[in-house]
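Participant: Here it is: the structure, laid out below.
The values are calculated or read from the model by the stated rules, or taken from the named source; none is laboratory data. Just so it is clear, the structure is predicted and the values come from calculations on it, not from any experiment. Cβ placement follows ideal geometry from the backbone for every residue including glycine, while neighbour counts extend to all protein chains displayed.
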Amino acid sequence: MYPRLFGFVKSWGLLLALSFVLGIMLSVRRGRQRGIEPDAVMDISFAVMVSSLIGVRLAYVLTHLGQFDPWYRIFFIWDGGLTLYGGVALAIAAVWWTARRRGIAFLRIADVLAPGVILGIGVTRIGCFLAGCCYGKPTDLPWGVHFPSTCRAGIEFGEQAIHPAQLYSSAAGFLVFGLLLWLEKPAAPAGLTFGRFLLFYGAARFLLEFTRFIEADQLMALGLSNNQWISLALVITGIAVLSYAVRQAHARDA
């Protein structure tokens, strides 16, 4: 599609940068509303930014080891090859560690950051569409798209129309973002927003994977992709976090 904007700016990188800016701005504002100092939110957001970038590359490398010859190509992140869930997992770990250092309860800051994270996912997936990565399977639906032969999607499927899976993911991200803000209440117990993020995004990602092109070596038990199994784990974790938050609220009010 448009891997470069203005002739020299990589579209995916630009949208990724925009997602971080929007997410951090929103998180600082939400943190201030909850009595968390902006510098603490910035510190934790920086940890999220660095850890997520490491995580998305590391997860892809570990699941595609045969693609890197010579081995040092694993560091060529500009050539593509990123797995979003790796970034989410490492970012959650970074939030826990950084929040602990700052003396902030994990669920409290996770609630602050969750909407910004899903907003960033929605924005970044537009960059994936422009770059022609993370593409879908062939489809006969009228909104199927044709990618040029200069990108990975076009190389894989040529003239075939494929699902705009990246835009499905972007729309899901914006939808979950709206739901998180709409369902959030001022006096809600800590963990509700974070738990909903895990539940909603995990469920959406599980379903959307059926429209994405998945390499044969990325399929696991029951014909599900590794990302779908991770999605199910996120759904279960989200339910557990929500249950814990509700129990804590009942214990507090008892």
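Participant: So for segment 137-156 (the condition being at pLDDT below 95 and closer than 23 Å to Ser45 by Cβ), does at least one residue qualify?
Facilitator: no
Participant: Follow-up question, since we're still on this one. What are the residue pairs meeting all of these: first residue in segment 93-105, first residue over 21 Å from Leu192 (Cβ atoms) and touching a residue at least 24 places away in the same chain (Cβ under 8 Å), second residue part of a helix (DSSP H, G or I) and charged (D, E, K, R), Cβ atoms under 7 Å, and 6 or more apart or on different chains?
Facilitator: Thr98/Asp43; Arg102/Asp43
Participant: Let me ask another. In segment 219-228, which residues are out of contact with any Phe, Trp or Tyr (no Cβ under 7 Å at 6 or more places or on another chain) and loosely packed, with under 14 Cβ neighbours inside 10 Å?
Facilitator: Leu219, Ala221, Leu222, Gly223, listed by residue number.
Table: residues versus (1) in a helix (DSSP H, G or I); (2) of a type in the set (Ser, Thr, Tyr); (3) more than 20 Å from Val117 (Cα to Cα).
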position: Ala203; (1), (2), (3): yes, no, no
position: Phe206; (1), (2), (3): yes, no, no
position: Ile214; (1), (2), (3): no, no, yes
position: Leu222; (1), (2), (3): yes, no, yes
position: Asn227; (1), (2), (3): yes, no, no
position: Leu234; (1), (2), (3): yes, no, no
position: Gln248; (1), (2), (3): yes, no, yes
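Participant: Is at least one residue of segment 155-168 among the β-branched types (Val, Ile, Thr), closer than 19 Å to Leu208 by Cβ and touching a strand residue (DSSP E or B) at 6+ places or on another chain (Cβ under 8 Å)?
Facilitator: Among the residues of segment 155-168, at least one is among the β-branched types (Val, Ile, Thr), closer than 19 Å to Leu208 by Cβ and touching a strand residue (DSSP E or B) at 6+ places or on another chain (Cβ under 8 Å), which makes the answer yes.
Participant: Just checking, how many residues over segment 120-169 are aromatic (Phe, Trp, Tyr) and either surrounded by fewer than 24 Cβ atoms within 10 Å (Cβ to Cβ) or out of contact with any Pro (no Cβ under 9 Å at 6 or more places or on another chain) (or both)?
Facilitator: Result for segment 120-169: 4.
Participant: Filter segment 26-43 down to residues that are over 17 Å from the mean Cα position of the chain (by Cα) and touching a residue at least 40 places away in the same chain (Cβ under 8 Å), then give me how many there are.
Facilitator: Of the residues in that region, 7 qualify.
Participant: Oh, and also: Would you mind telling me which numbered condition in (1) under 15 Å from Leu16 (Cα atoms); (2) touching a Ser or Thr at 6+ places or on another chain (Cβ under 9 Å); (3) part of a loop (DSSP other than H, G, I, E, B) Gln160 fails?
Facilitator: (1)
Participant: Next question. What pairs come out if I take residues in segment 216-230 that are modelled with pLDDT under 80 and pair them with residues that are not in a helix (DSSP H, G or I) whose C-beta lies under 7 Å away, six or more apart or interchain?
Facilitator: Pairs that qualify, where the first residue is modelled with pLDDT under 80 and the partner is not in a helix (DSSP H, G or I), are Gln218/Ser225; Leu219/Ser225.
Participant: Which one is surrounded by the fewest Cβ atoms within 10 Å (Cβ to Cβ) among residues in segment 187-218 that are in contact with a Ser or Thr (Cβ under 7 Å, 6 or more places away or on another chain) and not aliphatic (A, V, I, L, M)?
Facilitator: Across segment 187-218, the extreme among qualifying residues is Gln218.
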